[in-house]
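Notes follow once the structure below has been shown.
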Amino acid sequence: MSIHELREKPHWSYSALQCYLTCPMKYKFRYVDNAPMERTCSALPFGRAFHAVLSERALKGPDFKLEDAQENFAFFFKGETDVSENLRYKPNETFESLLNTGFDMLTVALENWQDDYAVESVAESFSVSLPGLSRPLIGEFDCVVSGAETTIVDWKTASSKWPQGKADRDLQASAFCYAYKQVHGKNPVFRFDVITKTKQPSVNSHYTLRTQDELDRFEFIAGRIEKAVNAELFYPNENIINCAECPYADRCKKSTWKGD
């Protein structure tokens, strides 16, 4: 079953769990109220388009050249921006400037591609049950590669390089390793490939593992989040990182102090 089909039924996702941990009020607006987005940061359609091109590269192999990647990115990015609600660009940022940034990033990403002869699956969807969750956890592995150990690869675009240790604390790696073990019966390695949106783009791979204790901890966290949601524990987590580009900032300011 595809990820699109899985999303049609009640479910949990890593994104929903992380959203609640980041800001419970944002979770309410997005997943409970289904509130319209006041703004869409340009990073979202950019990331989706870039991700789609890397999926094509993984599927088609070395025959998929840089020219193909750039052509596809231009097509995907235009499509994503066209359907984005209230799209907002950052200062000194335009569609054309981001298009050129994407081209530069793809050049670096393809030059550093490392998985041509080890790909097991691309865009592999999953749905697993967790104790404490009334709905399944669903998601999609960007790419799974074989070798000495099975590795889940997740592609990220970022404004700067990740600090050391970030991958070891990332909830997505915990959620996806948990799901992979449920489906395939073995605990994988997880690798984030982070491509930076800098003047001189770079690609850095961050490897991480999850012990059984860490998988049990994820299970505990997920269950507690559902309990909190069922108890309607929604409140704003106000800080500069969360609020700066929040798509519900105006709604939050108008409603939360009244207890809505």
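The values are calculated or read from the model by the stated rules, or taken from the named source; none is laboratory data. Just so we're clear, the structure is a prediction, and the values are computed from it rather than from any experiment. FYI the Cβ positions are ideal-geometry reconstructions off the backbone, even for glycines, and counts take in every protein chain you see.
Before moving on, here are some points about what is shown:
- F95, sole failed condition from (1) at pLDDT 95 or above; (2) more than 20 Å from the chain's Cα centre (by Cα); (3) closer than 22 Å to G223 by Cα; (4) not aliphatic (A, V, I, L, M): (3)
- Of all residues in region 218-258, those satisfying the criterion of being in a helix (DSSP H, G or I), among the polar types (S, T, N, Q) and in contact (Cβ under 8 Å) with a residue 24 or more places away in the chain are N242, T256.
- Residue within region 207-214 that is in contact with a Gly (Cβ under 7 Å, 6 or more places away or on another chain) and on the phi < 0 side of the Ramachandran plot present: no
Per-residue answers, yes or no, for (1) closer than 28 Å to K9 by Cβ; (2) touching a strand residue (DSSP E or B) at 6+ places or on another chain (Cβ under 6 Å); (3) not acidic (D, E):
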residue	(1), (2), (3)
Y117	no, no, yes
S125	yes, yes, yes
V128	yes, yes, yes
P136	yes, yes, yes
V189	no, yes, yes
F192	no, yes, yes
Q200	no, no, yes
N204	no, yes, yes
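- Condition met for V108 (of a type in the set (A, V, I, L, M, F, W, C) and loosely packed, with under 13 Cβ neighbours inside 10 Å): no
- Matching residues, region 130-165, being out of contact with any Gly (no Cβ under 7 Å at 6 or more places or on another chain) and hydroxyl-bearing (S, T, Y): S134, S146, T150, T151, S159, S160
- Residue within region 203-213 that is among the hydrophobic types (A, V, I, L, M, F, W, C), surrounded by fewer than 18 Cβ atoms within 10 Å (Cβ to Cβ), at pLDDT 95 or above and out of contact with any helix residue (DSSP H, G or I) (no Cβ under 9 Å at 6 or more places or on another chain) present: no
- Taken together, the residues in region 42-66 that are touching a residue at least 60 places away in the same chain (Cβ under 8 Å) and under 28 Å from A228 (Cα atoms) amount to 0.
Residues are listed down the side, and each one gets a yes or a no for (1) farther than 24 Å from E140 by Cα; (2) in a helix (DSSP H, G or I); (3) in contact with a Gly (Cβ under 6 Å, 6 or more places away or on another chain):
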site: E5; (1), (2), (3): no, yes, no
site: K9; (1), (2), (3): no, no, no
site: L54; (1), (2), (3): no, yes, no
site: F73; (1), (2), (3): no, yes, yes
site: F77; (1), (2), (3): no, yes, no
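- Boolean, F75 is among the aromatic types (F, W, Y) and in contact with an Asp or Glu (Cβ under 9 Å, 6 or more places away or on another chain): no
- For region 222-260, the candidate set comprises residues that are at pLDDT 95 or above and of a type in the set (V, I, T); within that set, the residue that is farthest from L133 (Cα to Cα) is V229.
- Checking each residue of region 154-163 against the condition of being of a type in the set (G, A, S), free of Cβ contacts under 8 Å to residues at least 60 places away in the same chain and touching a Pro at 6+ places or on another chain (Cβ under 6 Å) gives no match.
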